[in-house]
Amino acid sequence: VQLQASGGGLVQAGGSLRLSCAASGSIFGILYMGWYRQAPGMQRELVARISNGGTTNYADSVKGRSTMSRDNAKNTVYLQINSLKPEDTAVYYCHLRTNWNANYWGQGTLVTVSS
């Protein structure tokens, strides 16, 4: 399984961005796909995820200003974050977990929010 992430970049505070993650390869039994992020000197943390059935979970830090969605036909998930803050600056990693607890990670995409 390969995860191809895109959509990071430099954004001004208050702006928006959309991250995309496309899964390819031998994909069976996806439990959920989502995004983690890691800021310098910090642990990697869950940002948001969406289950194969469409249930979404969000970190408190982005709840209310983020939306996860998915295109099952394309094995692609999207994360829209609005009202970006400097503290959203991090490397964002796409993640996929299967029903057999196998975990896959994308290469990471840098999001920088300028104040």
Next item on the list: Choose one answer from ILE50, ILE27, ILE81: the residue with the largest mean-square fluctuation in a GNM of the chain with alpha-carbon springs under 10 Å.
Entry: ILE27
Notebook entry, point to check: Can you give the charge dipole size of the stretch 48-93 about its Cα centre, rounded to the nearest 20 debye, using +1 on the beta carbon of Lys and Arg and -1 on the beta carbon of Asp and Glu?
Noted result: 120 debye
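Can you pull out the trypsin sites (Lys or Arg not before Pro) in the stretch 32-115 whose DSSP state is coil and whose Cβ has at most 13 other Cβ atoms within 10 Å?
Values: sites: ARG37, ARG44, ARG49, LYS63, ARG65, ARG70, LYS74, ARG97; in loops: ARG44, LYS63, ARG65.
For trypsin sites (Lys or Arg not before Pro) across the stretch 32-115 that sit outside H, G, I, E and B with at most 13 neighbouring Cβ atoms in 10 Å, the list reads LYS63.
In whole percent, how big is the carbon plus sulfur part of the accessible area of the stretch 1-108, probe 1.4 Å, protein atoms only? Present the calculation step by step, with values, prior to reporting the outcome.
On the way: 2620 of 5660 Å².
Looking at the stretch 1-108 in its full context, I get 46 percent from C and S.
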Check: Counting only heavy atoms of protein chains, what accessible area per residue, in Å², does the stretch 1-43 have with a probe of 1.4 Å?
Finding: 54 Å²
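Can you pull out the chymotrypsin sites (Phe, Trp or Tyr not before Pro) in the stretch 34-115 whose DSSP state is coil and whose Cβ has at most 10 other Cβ atoms within 10 Å? Mind showing how you got there, number by number?
Working: sites: TRP35, TYR36, TYR58, TYR78, TYR92, TYR93, TRP100, TYR104, TRP105; in loops: TRP100.
Counting only loop positions with at most 10 other Cβ atoms within 10 Å, the chymotrypsin sites (Phe, Trp or Tyr not before Pro) in the stretch 34-115 are TRP100.
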Margin query: Can you give me the Rg/Rh ratio for the chain, using Cα atoms for both radii and the Kirkwood formula for Rh?
Written below: 0.95
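The values are calculated or read from the model by the stated rules, or taken from the named source; none is laboratory data. Predicted model only: the values in this text are computed from it and were never measured. Methodologically, a virtual Cβ is constructed for each residue, glycine included, from the backbone with ideal geometry; neighbour enumeration extends over all protein chains shown. Surface accessibility is based on the protein's heavy atoms, side chains included, excluding ligands, DNA and RNA. Shrake-Rupley method; radii C 1.70, N 1.55, O 1.52, S 1.80 Å.
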